[in-house]
Amino acid sequence: MARYAMVLNIDRCVDCKACVIACKAEWNVPEGYSRDWVKEIGPVGEFPNLKSAVYPGLCMHCEDPPCIKVCPSGATYKDEKGRVLVDQELCIGCGYCADACPYGARYIHPDLGVVDKCTFCQPRVDAGLEPACVETCIAEARIFGDLDDPDSEVYRLVYKEGAVPLHRGEVNYGASVFYMGEKEQVELLLEKAPLRKTRFSTAGTVWRIFRPLLGVAAGLSFLGVTVAAIYQLIKGEPKIEE
Amino acid sequence: MQQVNIERLLKQDKPVPLSPEEKEYLRTHYLKKHDVIPKWTHWFNAAVWGFQLFTGSALINSTLFKFMPDWWINMVSELFGTRANLLKYHILVGIIWSVVLVVNYLFGIKNYTIPFIRRNFVLDRDDILWLINRGLGILGMKVELPPQGEYNAGQKLFAMVAIGGIIILIITGFIMSFHIGSAETVKWAIVFHFIAAGGVVAGLFVHIFMAAVLWEEHPSLASMITGKVNELYAYHNHFKWWKEMKKLELEVRERERKEYEEKAKEMGLLPEEENN
Ligand code: HEM
């Protein structure tokens, strides 16, 4: 077992977006879409006490991801190394998962019609390389590794240096991406980084109402038929054609 | 044997007690109920439903949507190797099914599709009464069921649910398989796909029970195989249809007899008449 994780040192991040470009190039991400991002938070406060922070982000590869719960076809899954992946052959492109992700880490590929997202560069990592964004980062703000391995750098940063996941309120799904840096900035990021409430489309709500109804209908139908069958067994075959 | 007076029975507007001779006559005579093509379409459709429900129930796999237990989902997935394979077969069979049904309905539009819809997609007064009385009957009351047509009101309702469901399933299935339209469209397609399937399944329990289990309906099951149904069953269970078909049969027979007579006359094969 392994649990891949990433630590982002926002002190070092200079908002150059090389990571975003590297990712796009590596995975042929279509124009106008992106698997990762660097956003600016702030400035907040009053001059001259302005505070701001950068918010580099990507799929947080949550331990208990809300996107998996809503995926009707089971296309979205967590692999044995803790990565949240999409089997695009199974994906039907409904986007329930994209609505469920509080980080906005998923988009529907405009040409393929299926969901696309950060894979922690699964093919590269499995081939022994680093993720493209990590390799590219000039400031070495990104550290990738196995959180289950006590000798790893990410282990040290998370468990000894206190890197924290971006959780807030109900958005608390065990993210595998952690932030560290100057305390004030990290706090600002945790407080202000844009998170979405899990959206639930009307279609999903309709299904929530109909599922129990259908269950009851099918259940009653089955029950009725069973009772009738038993009744017939007890009564025995009637005299022919009366 | 041939002394039975069918006219007497045709004059009534509901089944009446039968004499032993009448009963024997009806028991040994048959009416055609299903043509070969609808018969095969029905069994093809039933087989496809079996397969699609089997694979589909394992494809729905999320806390929000699924209704089968994990062991079932895993078992079916393993049977097909991977879940991607499972989906491929589900889609493939769905496409073949859609093509067969659409071709069937289009080619049979005059002979089967439109007559079927005309006959079975409207409920008349007797049908409504039948539904009410049938309900009361199940609750244990002794009430008379009004005479029924080719299909009784319950069968009509199921036909509507099944055919409506099939149309929805095909359309939404294509939307999901080929990611047609926006994500919002696909979201609704999923919901309707499941509602349609669930609705038909609810009806299907009763449908299969009636056909395969209930003694009284065994002639109906036989009719889906041989195409014919004995008249005694038709007389009791589908009186209005029996009357219609019987009248038609007698009319046709009468016409044929006349035509034959005329021809015979022309050819001089009826000497007595010539003597007049
Ligand atoms: C093993 C499964 C099934 C059996 C044994 C069965 C049996 C029958 C029989 C015997 C009839 C003839 C009724 C009559 O003419 O008196 C019939 C009609 C019909 N069947 Fe099935 N059937 C099966 C599955 C299905 C399925 C899966 C569907 C569609 C979802 C279906 C849809 C229909 C429809 C629409 C009719 C027309 C009459 C009606 O609505 O009852 N059947 N079936």
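Scanning region B:63-75 for residues that are without any contact (Cβ under 8 Å) to a residue 12 or more places away in the chain and either under 16 Å from A:GLY215 (Cα atoms) or in contact with an Asp or Glu (Cβ under 8 Å, 6 or more places away or on another chain) (or both) gives B:THR63, B:LEU64, B:LYS66, B:PHE67, B:MET68, B:PRO69.
Based on what the data block shows, is B:GLU231 of a type in the set (D, E, K, R), within 26 Å of B:GLN155 (Cβ to Cβ) and without any contact (Cβ under 8 Å) to a residue 60 or more places away in the chain? For B:GLU231, the condition - of a type in the set (D, E, K, R), within 26 Å of B:GLN155 (Cβ to Cβ) and without any contact (Cβ under 8 Å) to a residue 60 or more places away in the chain - is not met.
When B:VAL229 is tested against (1) among the hydrophobic types (A, V, I, L, M, F, W, C); (2) assigned to a helix (DSSP H, G or I); (3) under 21 Å from B:VAL16 (Cβ atoms), just one condition goes unmet, and that condition is (2). Condition test on A:LYS69, is it within 15 Å of the chain's Cα centre (by Cα), of a type in the set (Lys, Arg) and more than 9 Å from chain B (Cβ to nearest Cβ)? No, not satisfied.
Of the set (1) under 23 Å from A:VAL70 (Cβ atoms); (2) within 16 Å of the ligand (Cβ to nearest atom); (3) of a type outside the set (Lys, Arg), all apply to B:ASP35 but (1).
For (1) away from the ligand (no atom under 11 Å from the Cβ); (2) of a type outside the set (Asp, Glu); (3) assigned to a loop (DSSP other than H, G, I, E, B), each residue gets a yes or a no:
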position	(1), (2), (3)
B:ILE96	yes, yes, no
B:VAL103	yes, yes, no
B:ASP126	yes, no, no
B:GLU144	yes, no, yes
B:GLY164	no, yes, no
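Go through region B:202-252 and report how many residues are open to solvent by 50 Å² or more (accessible area, probe 1.4 Å) and among the charged types (D, E, K, R). Summing the residues that are open to solvent by 50 Å² or more (accessible area, probe 1.4 Å) and among the charged types (D, E, K, R) in region B:202-252 gives 6. Just checking, does region B:173-181 include any residue being within 14 Å of chain A (Cβ to nearest Cβ), within 15 Å of the ligand (Cβ to nearest atom) and surrounded by 19 or more Cβ atoms within 10 Å (Cβ to Cβ)? So far as region B:173-181 goes, yes, one or more of its residues are within 14 Å of chain A (Cβ to nearest Cβ), within 15 Å of the ligand (Cβ to nearest atom) and surrounded by 19 or more Cβ atoms within 10 Å (Cβ to Cβ).
Taken together, B:THR82, B:THR63, B:THR55, B:THR28 contain a single residue that is surrounded by fewer than 14 Cβ atoms within 10 Å (Cβ to Cβ), within 14 Å of another protein chain (Cβ to nearest Cβ) and in contact with a helix residue (DSSP H, G or I) (Cβ under 8 Å, 6 or more places away or on another chain), which is B:THR63.
The values are calculated or read from the model by the stated rules, or taken from the named source; none is laboratory data. Everything numeric here is computed off the predicted structure, so don't read it as measured data. Counting neighbours? That spans all protein chains shown, and the Cβs are built from the backbone with ideal geometry, glycine included. Keep in mind that these areas ignore ligands, DNA and RNA; they rest on the heavy atoms of the full protein, side chains included. Shrake-Rupley method; radii C 1.70, N 1.55, O 1.52, S 1.80 Å.
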